[in-house]
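Here is the structure we will look at.
A short reminder: the numbers here are calculations on the coordinates, not readings from a lab. Note that the coordinates shown come from a computational prediction; the quantities given were computed from them, not determined experimentally. Note that we place each Cβ from the backbone using ideal geometry, even for glycine, and neighbour counts take in every protein chain shown.
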Amino acid sequence: MSYQNSPYPQQPYVPPPNSTMAIVSLVSGILGLTFVPILGSIVALITGFMARNEIKQSNGQVGGGGMATAGLILGGIGMLVLCCGIIFFLLTFLGVFGAIWSSSSSSSSILLPALLS
């Protein structure tokens, strides 16, 4: 029995097209970690959620779920790094200027505990 002489020729598998939002999410997530830190991460998160909703509602007609998930993860990492950087900057800024302020004069060392309480 030969498959080449089959009366029904098989059609090649064609995967569904990728969601444009998923591609935008992935590219923005990569840019958010490299060249455009804040804006890229925010765009990656927003378009990633939009792409996942679009893919869910298409019932298999649109692909790219992996790219949307990767964009969400990269956008989340970018925002986490941003928040950690802000916290580090604030702690360093307050620590340095708090030490300078408290050691500058005796009157300022009286004011510092009053301001912190």
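Summary table
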read-out: Residues Ile23, Ile87, sorted so that the one with the fewest Cβ neighbours within 10 Å comes first; value: Ile87, Ile23
read-out: Footprinting exposure proxy for Thr47, Thr69, Thr34 (fewest neighbouring C-beta atoms within 10 Å first); value: Thr34, Thr69, Thr47
read-out: Backbone N under 19 Å from the Phe35 label point (7 Å along Cα→Cβ), restricted to region 48-80; value: 71, 74-75, 78-79
read-out: Amide H partners (placed H, <5 Å) of Gly63, local residues excluded; value: Asn18, Ser19
